[in-house]
Amino acid sequence: MRPALAGLVAQCIATVVAISAVRLAGVALAWWVPVQVMLALGLCAALRQPRWWFAIHALFVPSLVFALNLAVPAWCYLLALLLAWAIFGRIDRSRVPLYLSNAAALQVLDELLPEDGHLLDIGAGTGTVLAWLSRRGTRQLTGVEHALLPWLIGRLRASMYGNRYELRKADLMQWPLAGYDVVYAFLSPAAMPALWEKVKREMSSGSLFVSNSFDVPGVEADRVIELNDWKGARLYLWRMP
(Lines give C-alpha, C1' and ligand atoms only; values in the text may rest on other atoms or scores of the structure.)
Protein backbone atom coordinates (compact mmCIF):
# COMPACT_ATOMS: atom_id res chain seq x y z
CA MET A 1 0.00 0.00 0.00
CA ARG A 2 1.34 3.45 -0.91
CA PRO A 3 2.37 5.56 2.12
CA ALA A 4 -0.14 8.33 1.26
CA LEU A 5 -3.00 5.84 0.98
CA ALA A 6 -1.91 4.04 4.15
CA GLY A 7 -1.77 7.39 5.95
CA LEU A 8 -5.26 8.31 4.79
CA VAL A 9 -6.65 4.95 5.92
CA ALA A 10 -4.95 5.29 9.31
CA GLN A 11 -6.36 8.80 9.79
CA CYS A 12 -9.90 7.73 8.86
CA ILE A 13 -9.88 4.67 11.12
CA ALA A 14 -8.36 6.62 14.02
CA THR A 15 -10.94 9.41 13.64
CA VAL A 16 -13.96 7.09 13.58
CA VAL A 17 -12.73 5.00 16.52
CA ALA A 18 -11.74 8.07 18.57
CA ILE A 19 -15.08 9.85 18.18
CA SER A 20 -16.99 6.64 18.91
CA ALA A 21 -14.89 5.87 21.99
CA VAL A 22 -15.29 9.38 23.42
CA ARG A 23 -19.06 9.29 22.96
CA LEU A 24 -19.32 5.85 24.56
CA ALA A 25 -17.18 7.03 27.48
CA GLY A 26 -19.43 10.04 28.00
CA VAL A 27 -16.54 12.49 28.32
CA ALA A 28 -16.14 15.88 26.65
CA LEU A 29 -16.09 15.57 22.88
CA ALA A 30 -12.84 17.57 22.71
CA TRP A 31 -11.04 14.47 24.03
CA TRP A 32 -11.39 12.85 20.60
CA VAL A 33 -8.42 14.86 19.31
CA PRO A 34 -5.68 13.42 21.60
CA VAL A 35 -7.28 9.97 21.36
CA GLN A 36 -7.27 10.21 17.56
CA VAL A 37 -3.60 11.24 17.55
CA MET A 38 -2.58 8.28 19.72
CA LEU A 39 -4.56 5.84 17.58
CA ALA A 40 -3.14 7.29 14.36
CA LEU A 41 0.41 6.96 15.69
CA GLY A 42 -0.27 3.37 16.69
CA LEU A 43 -1.61 2.55 13.23
CA CYS A 44 1.38 4.33 11.68
CA ALA A 45 3.70 2.01 13.61
CA ALA A 46 1.60 -1.06 12.76
CA LEU A 47 1.67 -0.19 9.06
CA ARG A 48 5.46 0.38 9.26
CA GLN A 49 5.25 3.76 7.64
CA PRO A 50 8.41 5.90 7.19
CA ARG A 51 9.56 7.86 10.22
CA TRP A 52 8.45 11.28 8.99
CA TRP A 53 4.85 10.02 8.80
CA PHE A 54 4.74 9.95 12.60
CA ALA A 55 5.02 13.75 12.60
CA ILE A 56 2.30 13.99 9.94
CA HIS A 57 -0.07 11.80 11.96
CA ALA A 58 0.69 13.69 15.17
CA LEU A 59 0.00 17.12 13.66
CA PHE A 60 -2.70 16.49 11.06
CA VAL A 61 -5.89 16.56 13.15
CA PRO A 62 -4.69 19.20 15.68
CA SER A 63 -3.69 21.44 12.76
CA LEU A 64 -7.05 20.83 11.09
CA VAL A 65 -8.99 21.71 14.25
CA PHE A 66 -6.85 24.82 14.77
CA ALA A 67 -7.39 25.94 11.17
CA LEU A 68 -11.15 25.46 11.41
CA ASN A 69 -11.27 27.60 14.54
CA LEU A 70 -9.54 30.46 12.70
CA ALA A 71 -12.55 30.89 10.40
CA VAL A 72 -10.27 31.61 7.44
CA PRO A 73 -12.05 32.02 4.07
CA ALA A 74 -12.14 28.82 2.02
CA TRP A 75 -10.18 30.34 -0.87
CA CYS A 76 -7.15 30.72 1.40
CA TYR A 77 -6.89 26.94 1.74
CA LEU A 78 -7.17 26.54 -2.03
CA LEU A 79 -4.41 29.09 -2.48
CA ALA A 80 -2.22 27.26 0.04
CA LEU A 81 -2.82 23.97 -1.77
CA LEU A 82 -1.91 25.48 -5.15
CA LEU A 83 1.20 27.08 -3.69
CA ALA A 84 2.29 23.79 -2.11
CA TRP A 85 1.75 22.02 -5.45
CA ALA A 86 3.82 24.66 -7.26
CA ILE A 87 6.70 24.33 -4.77
CA PHE A 88 6.71 20.57 -4.17
CA GLY A 89 4.83 19.06 -7.13
CA ARG A 90 3.15 15.69 -6.64
CA ILE A 91 4.99 14.96 -3.42
CA ASP A 92 2.41 12.28 -2.59
CA ARG A 93 3.73 10.35 -5.58
CA SER A 94 7.41 11.33 -5.68
CA ARG A 95 7.85 11.48 -1.86
CA VAL A 96 10.60 14.02 -2.52
CA PRO A 97 10.40 17.42 -0.78
CA LEU A 98 12.49 20.46 -1.73
CA TYR A 99 16.02 20.30 -0.30
CA LEU A 100 18.73 22.85 -1.05
CA SER A 101 22.39 21.78 -1.11
CA ASN A 102 24.64 23.73 1.23
CA ALA A 103 28.00 25.33 0.48
CA ALA A 104 30.00 22.36 1.81
CA ALA A 105 28.26 19.94 -0.57
CA LEU A 106 28.81 22.32 -3.48
CA GLN A 107 32.53 22.51 -2.74
CA VAL A 108 32.89 18.72 -2.66
CA LEU A 109 30.99 18.32 -5.93
CA ASP A 110 33.23 20.95 -7.49
CA GLU A 111 36.23 18.81 -6.56
CA LEU A 112 34.67 15.53 -7.69
CA LEU A 113 33.57 16.67 -11.16
CA PRO A 114 36.33 16.91 -13.80
CA GLU A 115 36.74 20.16 -15.72
CA ASP A 116 35.16 18.61 -18.81
CA GLY A 117 32.84 16.25 -16.92
CA HIS A 118 29.10 15.78 -17.40
CA LEU A 119 26.90 15.98 -14.29
CA LEU A 120 23.22 15.21 -13.83
CA ASP A 121 21.41 16.69 -10.83
CA ILE A 122 18.26 14.69 -10.10
CA GLY A 123 15.80 16.91 -8.28
CA ALA A 124 17.76 20.04 -9.14
CA GLY A 125 15.31 22.38 -7.38
CA THR A 126 16.16 26.00 -8.13
CA GLY A 127 19.44 25.13 -9.85
CA THR A 128 21.76 25.88 -6.93
CA VAL A 129 24.20 23.05 -7.73
CA LEU A 130 24.19 23.72 -11.47
CA ALA A 131 24.77 27.45 -11.07
CA TRP A 132 27.70 26.86 -8.72
CA LEU A 133 29.40 24.27 -10.91
CA SER A 134 28.95 26.35 -14.07
CA ARG A 135 31.33 29.02 -12.79
CA ARG A 136 34.40 27.46 -14.37
CA GLY A 137 35.57 24.80 -16.80
CA THR A 138 33.87 23.32 -19.83
CA ARG A 139 31.54 21.09 -17.85
CA GLN A 140 28.25 19.84 -19.20
CA LEU A 141 25.59 20.35 -16.55
CA THR A 142 22.06 19.00 -16.68
CA GLY A 143 19.34 19.13 -14.06
CA VAL A 144 15.89 17.56 -13.77
CA GLU A 145 13.12 19.01 -11.59
CA HIS A 146 9.46 17.99 -11.42
CA ALA A 147 7.99 20.85 -9.35
CA LEU A 148 6.85 23.93 -11.27
CA LEU A 149 8.00 26.86 -9.14
CA PRO A 150 11.56 25.65 -8.37
CA TRP A 151 11.96 24.77 -12.06
CA LEU A 152 10.86 28.26 -13.12
CA ILE A 153 13.29 29.86 -10.67
CA GLY A 154 16.04 27.56 -11.92
CA ARG A 155 15.32 28.47 -15.54
CA LEU A 156 15.49 32.18 -14.67
CA ARG A 157 18.77 31.61 -12.88
CA ALA A 158 20.12 29.73 -15.90
CA SER A 159 19.38 32.70 -18.15
CA MET A 160 21.20 34.97 -15.69
CA TYR A 161 24.21 32.64 -15.90
CA GLY A 162 24.25 32.76 -19.70
CA ASN A 163 22.48 29.38 -20.06
CA ARG A 164 25.66 27.53 -19.11
CA TYR A 165 23.56 24.67 -17.80
CA GLU A 166 20.34 22.94 -18.78
CA LEU A 167 17.39 22.48 -16.43
CA ARG A 168 14.56 20.28 -17.66
CA LYS A 169 11.10 19.79 -16.17
CA ALA A 170 10.47 16.04 -16.05
CA ASP A 171 9.73 13.05 -13.85
CA LEU A 172 12.86 12.39 -11.80
CA MET A 173 12.50 8.62 -12.03
CA GLN A 174 11.97 8.59 -15.79
CA TRP A 175 15.05 10.55 -16.81
CA PRO A 176 17.82 8.29 -18.25
CA LEU A 177 21.04 8.11 -16.22
CA ALA A 178 23.44 6.76 -18.86
CA GLY A 179 26.23 8.94 -20.24
CA TYR A 180 26.94 11.06 -17.17
CA ASP A 181 30.22 11.12 -15.24
CA VAL A 182 28.48 12.09 -11.99
CA VAL A 183 24.83 11.70 -11.01
CA TYR A 184 23.91 13.73 -7.93
CA ALA A 185 20.73 13.33 -5.89
CA PHE A 186 19.35 15.06 -2.81
CA LEU A 187 15.94 13.41 -2.54
CA SER A 188 14.54 11.53 0.47
CA PRO A 189 14.89 8.13 2.17
CA ALA A 190 11.65 6.96 0.55
CA ALA A 191 13.03 7.52 -2.96
CA MET A 192 16.41 5.83 -2.49
CA PRO A 193 15.58 2.11 -3.00
CA ALA A 194 13.88 2.69 -6.37
CA LEU A 195 16.55 5.17 -7.43
CA TRP A 196 19.31 2.70 -6.58
CA GLU A 197 17.74 0.04 -8.80
CA LYS A 198 17.59 2.61 -11.61
CA VAL A 199 21.22 3.59 -10.95
CA LYS A 200 22.38 -0.02 -11.24
CA ARG A 201 20.45 -0.53 -14.48
CA GLU A 202 21.37 2.65 -16.28
CA MET A 203 24.54 4.35 -15.07
CA SER A 204 27.70 3.86 -17.09
CA SER A 205 30.63 1.81 -15.80
CA GLY A 206 33.11 3.99 -13.94
CA SER A 207 30.62 6.79 -13.33
CA LEU A 208 29.94 8.14 -9.85
CA PHE A 209 26.62 8.26 -8.01
CA VAL A 210 26.47 10.79 -5.17
CA SER A 211 23.61 11.05 -2.67
CA ASN A 212 23.37 13.94 -0.25
CA SER A 213 22.34 12.91 3.30
CA PHE A 214 20.45 9.72 2.35
CA ASP A 215 22.11 6.33 1.99
CA VAL A 216 20.81 3.25 0.20
CA PRO A 217 19.35 0.79 2.71
CA GLY A 218 21.52 -2.32 2.94
CA VAL A 219 24.13 -1.05 0.46
CA GLU A 220 27.44 0.19 1.84
CA ALA A 221 28.81 3.31 0.14
CA ASP A 222 32.29 3.18 -1.42
CA ARG A 223 33.07 6.47 0.28
CA VAL A 224 31.38 8.77 2.78
CA ILE A 225 32.32 12.45 3.00
CA GLU A 226 31.32 14.37 6.12
CA LEU A 227 30.12 17.89 5.37
CA ASN A 228 30.68 19.08 8.94
CA ASP A 229 27.59 21.26 9.09
CA TRP A 230 25.22 21.70 12.02
CA LYS A 231 22.90 18.98 10.67
CA GLY A 232 25.64 16.36 10.46
CA ALA A 233 25.03 15.92 6.73
CA ARG A 234 27.27 13.74 4.57
CA LEU A 235 27.69 12.68 0.97
CA TYR A 236 27.47 8.98 0.04
CA LEU A 237 29.46 7.94 -3.03
CA TRP A 238 29.20 4.78 -5.15
CA ARG A 239 31.48 4.07 -8.13
CA MET A 240 29.70 2.01 -10.78
CA PRO A 241 31.48 -1.27 -11.64
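The values are calculated or read from the model by the stated rules, or taken from the named source; none is laboratory data. Just so we're clear, the structure is a prediction, and the values are computed from it rather than from any experiment. Ideal geometry is used to build each Cβ from the backbone, glycine not excepted, and the neighbour counts take in all protein chains shown. These accessible areas exclude ligands, DNA and RNA; they are computed on the full protein's heavy atoms, side chains included. Shrake-Rupley method; radii C 1.70, N 1.55, O 1.52, S 1.80 Å.
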Q | Cα gyration tensor, the chain - rounded (a/c under 1.5), prolate or oblate | A | prolate
**Q.** Theoretical FRET efficiency, 1/(1+(r/R0)^6), r = Cβ-Cβ of ASN102 and ALA21, R0 35 Å, to 0.05
**A.** 0.15
Q: Please sort by residue number the chymotrypsin sites (Phe, Trp or Tyr not before Pro) in region 201-241 whose DSSP state is loop and whose Cβ has at most 10 other Cβ atoms within 10 Å.
A: TRP230
Q. For a label point 7 angstrom out from the Cα of TYR77 toward its Cβ, which stretches of region 25-61 have the backbone nitrogen within less than 17 Å?
A. 59-61
Q: Set the Förster distance to 45 Å, then compute FRET efficiency between THR138 and ASN69 from the Cβ-Cβ distance, nearest 0.05.
A: 0.15
Q: Compute the signed sum of charges (Lys and Arg +1, Asp and Glu -1) over the other residues within less than 11 Å, Cβ to Cβ, of SER134.
A: +3
**Q.** Protein-only accessible surface order, largest first, of CYS44, CYS12 at 1.4 Å
**A.** CYS12, CYS44
